[in-house]
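A.B. asks: Here it is, the structure in full.
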Amino acid sequence: MSAYKISYFNFMGLAELARIMLSAADKEFEDDRFEKEEWPQRKLNTPSGQVPVLTHGDKQIPQSMAIARYLARDLDLYGKNNMENTMCDVVLECINDVIKETLKLFLEQDETKKPDIEKNLMEVVYPRFLSHLEKMLKEDNKEWLVGDKLSVADLAFFDLMNRLTAKKGDSIFDSSPTMKKHSEKITSIAGVQKWLERRPVTDM
């Protein structure tokens, strides 16, 4: 029996970062997926009526970002000190900002407004985000976004860009070939590569 279990709907959604983190760390985990029709019954067994839920040993942890930070500490993916912990958090918050901006496109009901939202994403939001992370990466000629080794910051960046490129193509990296190379570097990590090969194909 795996020490870790991630319970979530049968798509990437809010659970995918945790799956990628465990895979990158070569940790076996139970990928406990269920369909939406099962949710009313499943909900009864969750700590807060929400998923994802990480079960580690006999403890259940809700909330996707709490799970990500717990795993970051548990798997040594959170930097070496308080400053590096904080810089990981900075990247996670930047990613949340990008997700919020991206969701505007999908939530907009007026089709005539969508081209302007898409234009802002491709010409302002994504380039600004990539530029910020590129500066972090180039500080002291680092190989990784935070400190001198792989962290949750790199994996969260990869998770976001992997999804965006699946929808929008590699042109999303046009403003930053450096960050495209960084994403490819993370793809080449053995555990990540194995996960990408075996994870179920879903829309989200």
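The values are calculated or read from the model by the stated rules, or taken from the named source; none is laboratory data. Computed from a predicted model, the values in this text were never measured in an experiment. Here the Cβ is made from the backbone with ideal geometry for all residues, glycine too, and neighbour counts use every protein chain on show. Each accessible area value is taken on the protein alone, full model and side chains, heavy atoms only, with ligands, DNA and RNA left out. Shrake-Rupley method; radii C 1.70, N 1.55, O 1.52, S 1.80 Å.
A.B. asks: How large is the dipole of region 19-133 about the Cα centre if only Lys and Arg carry +1 and Asp and Glu carry -1, each at its Cβ, rounded to the nearest 20 debye? Kindly include the intermediate steps, with their values, before the conclusion.
C.D. replies: Working: 16 positive and 22 negative charges, 48 e Å.
Dipole of region 19-133, to the nearest 20 debye: 220 debye.
A.B. asks: Counting other Cβ atoms within 10 Å of each Cβ, which GluC sites (Glu not before Pro) in region 84-143 have at most 13 and sit in a DSSP loop? Please report the intermediate quantities before stating the final value.
C.D. replies: Numbers: sites: Glu84, Glu93, Glu101, Glu108, Glu111, Glu118, Glu123, Glu134, Glu139, Glu143; in loops: Glu108, Glu143.
Qualifying residues, ordered by number: Glu143.
A.B. asks: May I ask you to evaluate 6.51 cos²θ - 1.76 cosθ + 1.60, the Karplus curve with θ = phi - 60°, for each residue of region 40-49 and list the ³J(HN,Hα) values in order in whole Hz, giving x for glycine and proline?
C.D. replies: Per residue, the Karplus-derived 3J(HN,Hα) values read x, 6, 4, 4, 4, 9, 9, x, 10, x Hz.
A.B. asks: Filter the chain for me: DSSP H helices, axial length by Cα at least 24 angstrom, mean Kyte-Doolittle hydropathy not below 0.0. List them by residue number. Working shown, then result.
C.D. replies: On the way: long enough: 82-107 (37 Å, 0.43).
Within the chain the helices that satisfy the rule are 82-107.
A.B. asks: Let me ask something additional. If I take R0 = 22 Å and measure r between the Cβ atoms of Thr187 and Glu143 in this structure, what FRET efficiency does the formula 1/(1 + (r/R0)^6) give, to the nearest 0.05? Walk me through the numbers before you get to the answer.
C.D. replies: On the way: r = 15 Å, r/R0 = 0.68.
My answer for the efficiency is 0.90.
A.B. asks: State the percentage of accessible surface on the chain attributable to carbon and sulfur atoms; use a 1.4 Å probe and exclude ligands, DNA and RNA. Display every interim value, and only then the final one.
C.D. replies: On the way: 5760 of 11270 Å².
Exposed carbon and sulfur together represent 51 percent of the surface.
A.B. asks: Please work out the average accessible area per residue across the chain, using the 1.4 Å probe convention, and give it in Å². Please report the intermediate quantities before stating the final value.
C.D. replies: Numbers: 11270 Å² over 204 residues.
It amounts to 55 Å² per residue over the chain.
A.B. asks: Additional query: Hey, rough spin-label estimate for Ala3 and Lys27, points 7 angstrom out along Cα→Cβ, what's it come to in nanometres?
C.D. replies: 0.7
A.B. asks: How big is Rg to Rh over the chain, alpha-carbon atoms, Rh as the Kirkwood inverse-mean-distance radius?
C.D. replies: Details: Rg = 17.3 Å, Rh = 17.9 Å.
Using only Cα positions, Rg/Rh for the chain is 0.97.
A.B. asks: Right, something else. For region 149-201, state what percent of all Cα-Cα pairs lands in each successive 10 Å bin, counting from 0 Å until the bin that includes the largest distance.
C.D. replies: 23, 57, 20, 0
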